[in-house]
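Take a look at the structure set out below.
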Amino acid sequence: MSNDVQIFIQQVIIGLTTGGYLALIALGYTMVYGIIELINFAHGDLFALGFFISLVLFKAVDAPRPLEGPWLIIVLPLVFLVTMLLTGGLNMLIDRVAYRPLRRAPRLAPLLTAVGMSFVLEALYAIWQGPGQINYPQYFPRMNILRDTLQLDTFILFSSKDIFLFAVTIPLVIGLTLFIDRTRMGKAMRACAQDREAAAMMGINVNRVIAITFFIGGALAGAAGTVWGLYLNTGRFLMGFEAGLMAFTAAVLGGIGNVRGAVLGAFVIGMVKAISDGYISSGWTRVVIFGTLILLLVFRPSGILGSTQGIEKV
């Protein structure tokens, strides 16, 4: 296999892994927007909170590095569960305190509130964890599957961390899709997304549906933050801003309000980012990503899987 082919395969792997954690964040953006048409700018900061909470939990239980045996089988899932519950609960609290009182206010009011909430969370993170780069220890074992296990002569890095990332993100995405498509609450969410007033007249508790939507979105963001920490082993208090910006771009690219579109958009953004970093320059990556978004929206304003009906509603 030539070096050029190996480099391309490596960039594809990087793009897929990037798309994996972006998808978890993008789902929260698109679910909330689909129901209440609010761009929750504080959502990316819940991703950062997941990073910080999971790090604190691992340190609190004095987890070994790397995790082995019961630590890997029992403690790791428990850390994910607690982190997701806390980030989901905080997102519900944010909705209850900051957004619900503004349900019938002009659309600019909740938008500015979301921006303000994002600044508040980032300032609190800076006070809590400091403004510098934060090291996330190597809790998850890293082994090059291709070289160490399959004994292949290649410099392509496909590690146990990549498998771990997909093993977390794919079931969560599939589980959310099944939840929305096949459960009673999922049907209620889809009804509220179509017409909140009509859903309320049919007996659906709209505020309860919105609260659960915020909880699910926050929980997924917390899971993404934990995955980021275990995968990349570094972060900082502003990490939620850039990741949230990329995830929101992915949601718009796929079709804001469309769950499957958010996932597709995340993987498209991940691939574009990896190819740009590898073949152009990381300094040009944002230009390439947002240029791609602008070009797509010029020719397809509803996004890849969006609908013109949604655009007319907005």
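What base-10 log of the normalised intensity I(q)/I(0) is obtained for segment 21-92 from the Debye formula, alpha carbons as equal point scatterers, at q = 0.12, 0.15, 0.17, 0.26 Å⁻¹? These q points yield log10 I(q)/I(0) values of -0.40, -0.58, -0.69, -1.17.
Hydropathy at least 0.0 by Kyte-Doolittle, axial extent at least 24 angstrom from the Cα trace: which helices of the chain, defined as entire DSSP H runs, fit?
On the way: long enough: 3-36 (49 Å, 1.24); 43-60 (26 Å, 1.47); 76-94 (27 Å, 2.04); 108-129 (32 Å, 1.41); 160-182 (33 Å, 1.40); 206-232 (39 Å, 1.43); 259-279 (30 Å, 1.15).
Helices meeting the criterion: 3-36, 43-60, 76-94, 108-129, 160-182, 206-232, 259-279.
Taking every DSSP helix (H) stretch of at least 4 residues in the chain, weighting each as -39,500 (n - 2.57) and dividing the sum by the residue count yields a mean residue ellipticity at 222 nm of -23500 deg cm²/dmol. Whole-percent P(r), the chain, all Cα pairs, 10 Å bins from 0: 6, 26, 34, 23, 9, 2, 0. Close amide H partners of SER159, meaning residues 5 or more places away or on another chain with modelled amide H under 5 Å apart, are ILE145. Counting only Cα atoms, the size of segment 80-135 along its three principal axes is 43, 27, 12 Å, in decreasing order.
The residue among CYS192, ILE204, VAL227 whose Cα reaches farthest toward the positive pole of the charge dipole of the chain, with charges on the beta-carbon of Lys, Arg, Asp and Glu, is ILE204. Largest mean-square fluctuation among ILE14, ILE275, ILE294, in a Gaussian network model of the chain whose springs join Cα atoms under 10 Å apart, belongs to ILE294.
Charges only on Cβ, +1 for Lys and Arg, -1 for Asp and Glu: so what's the dipole of segment 3-313 about the Cα centre, in debye to the nearest 20? Each step should come with its number before you reach the end.
Numbers: 22 positive and 16 negative charges, 168 e Å.
So the dipole magnitude of segment 3-313 works out to roughly 800 debye.
Calculated on C-alpha atoms, the gyration radius of segment 66-203 divided by its Kirkwood radius gives an Rg/Rh of 1.09. One decimal place: the segment THR234-ARG107 gains 42.1 nm when fully extended, by the rule 0.36 nm per residue minus the C-alpha distance. The mean sequence separation of alpha-carbon pairs under 8 Å and at least six residues apart, normalised by the residue count of the chain, gives a relative contact order of 36 percent.
Relative contact order, whole percent, for segment 199-310 stands at 21, derived from Cα pairs under 8 Å and 6 or more residues apart.
Bear in mind these aren't lab numbers, they're just calculated from the coordinates by the rules spelled out. Remember, it's a predicted structure, so these values are computed and weren't measured experimentally. Methodologically, a virtual Cβ is constructed for each residue, glycine included, from the backbone with ideal geometry; neighbour enumeration extends over all protein chains shown.
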